[in-house]
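Undergrad: First the structure, then my questions, so here it is.
Bear in mind that the values in this text are calculations on the coordinates, not laboratory data. All values derive from a computational prediction rather than experimental measurement. Backbone-built Cβ (ideal geometry, glycine too); neighbour counts: all protein chains shown.
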């Protein structure tokens, strides 16, 4: 759970500090969006292979440590130089290692929770994780210079991750000697063979196939929201703040400082609610994982529509839609998604299945590129509404998923 908090520090720093900084200093978001896309594509093609490797070697904790340390170092590199090429290079490395680290972290879920309680533990982790964003908003947002923000965020990530890196390991039984001997070269070749076999068989595993397609579409929207929430909020309410018409619950937010204060408030509300939803949805997810994920997708759809409609016009409407419904969608999709993978995967192939789950997460980067391009060419609100197409498609795929009845019954 502390690792969930720690890696959310990275996501929050990206959303509330790094992306607005890049937009202000790079003259737009296209370069950042494209870099995000390529880093996720590389992670997407890596995680299925890495998932099979951890099933064959069971050294999940070691791989998690390596990925986390590389991410922390690259993240600290954002503060070394303001050169655009350097910052985008460090972002590429940090984002790649952060995302493959999530594979190793998720694969440890069956080692710390029984199948009957995996939804609860996943939900608590998701909820506690959002406290990392609250820390970033309270501790780091006002710190100057910006380079100091990035260095402190990297330190917070490392400190929060250390208990998991030092104390949690893969507790599954060791694999047969025949599957693990011969070093990493043999493991790599065996992993590739196993992965190709699974991919060829995927059309026959309809539940897994439809879930992966659904997750691809839904998480595409989540990745975009994580990256651009801060930029969107500032853009839609900037004019109202300058005209002294940004009023929320009787308080007027005026000028640049007022906009910064409202931006911080929106971020705090989003993540405080996501914390509560994550913890609250855990037990419900153990009983009805598909329904929780479907409800979360619908909530996220209305959040997008409400954010575009109320943004810049009604701070209260913005908070009740993009912030409230968006926080429910964020928590529910992450919590239920991990639970569904556990129900679909045999224990001895949990890494492989999380690897396939991971590729849908990492390659869900169409939205970030679309958002950046549409925003720079047509405006912020059209960029937000452009995300609803893949969200609707994801809900259609999710309606076709059927979980194994015996495992779903045992999980209740």
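Undergrad: Per-residue counts of other Cβ atoms within 10 Å, averaged by peptide: what ranking do you get for 284-293, 380-389, highest first?
TA: 284-293, 380-389
Undergrad: I've got another one for you. When averaged across all projection directions, what area in nm² does the alpha-carbon convex hull of region 263-412 cover?
TA: Result: a mean projected hull area of 9.5 nm².
Undergrad: Compute the relative contact order of region 247-404 as a whole-number percentage, counting only Cα pairs closer than 8 Å that sit 6 or more residues apart in sequence.
TA: 26
Undergrad: Using the alpha-carbon centroid of each, what span in Å lies between region 231-295 and region 1-78?
TA: 23
Undergrad: Run the numbers for residue 25 and residue 276: contour at 0.36 nm per residue of separation, minus the present Cα-Cα distance, in nm.
TA: Result for the pair: 86.8 nm of gain on full extension.
Undergrad: Can you tell me the 0 to 90 degree angle between the C-alpha axis of helix 2-13 and the longest principal axis of the chain, rounded to 10?
TA: So the helix axis and the longest Cα principal axis differ by about 40 degrees.
Undergrad: Most exposed first by the Cβ proxy, i.e. fewest other Cβ within 10 Å, how do 264, 338 rank?
TA: Lowest count first: 264, 338.
Undergrad: Using only Cα atoms, what is the ratio of the radius of gyration of region 274-359 to 2.2 N^0.38 Å?
TA: Taking N as the residue count of region 274-359, the ratio is 1.28.
Undergrad: In addition: Once both axes come from the Cα atoms, what is the angle between helix 84-107 and the longest principal axis of the chain, in degrees from 0 to 90, rounded to 10?
TA: Result, in degrees: 40.
Undergrad: Helix 60-77: angle to the longest alpha-carbon principal axis of the chain, degrees 0 to 90, nearest 10?
TA: 20
Undergrad: Starting with the fewest neighbours, write out 100, 124 ranked by other beta-carbon atoms found within 10 Å of each beta-carbon.
TA: Starting with the residue having the fewest Cβ neighbours, the order is 124, 100.
Undergrad: Return P(r) of region 257-318 (all Cα-Cα pairs; 5 Å bins starting at 0; whole %; ordered from short to long distances).
TA: Over region 257-318, the share of Cα pairs per 5 Å bin runs 4, 15, 18, 24, 17, 11, 8, 3, 1, 0 percent.
Undergrad: Sorting 269, 22 on the 10 Å Cβ count, fewest up front, what's the list?
TA: By the 10 Å Cβ count, ascending: 269, 22.
Undergrad: Normalised by the residues of region 238-309, what does the relative contact order come to in percent, with Cα pairs under 8 Å and at least six apart?
TA: Relative contact order, region 238-309: 15 percent.
Undergrad: Continuing with this model, one more query. Which length gain, in nm to one decimal place, applies between residue 206 and residue 244 when the Cα-Cα distance is subtracted from 0.36 nm times their residue separation?
TA: The residue 206-residue 244 span can extend by a further 8.2 nm.
Undergrad: Now for a different question. What percent does the relative contact order of region 2-97 come to when contacts are Cα pairs within less than 8 Å and at least six residues apart?
TA: Relative contact order for region 2-97 comes out at 31 percent.
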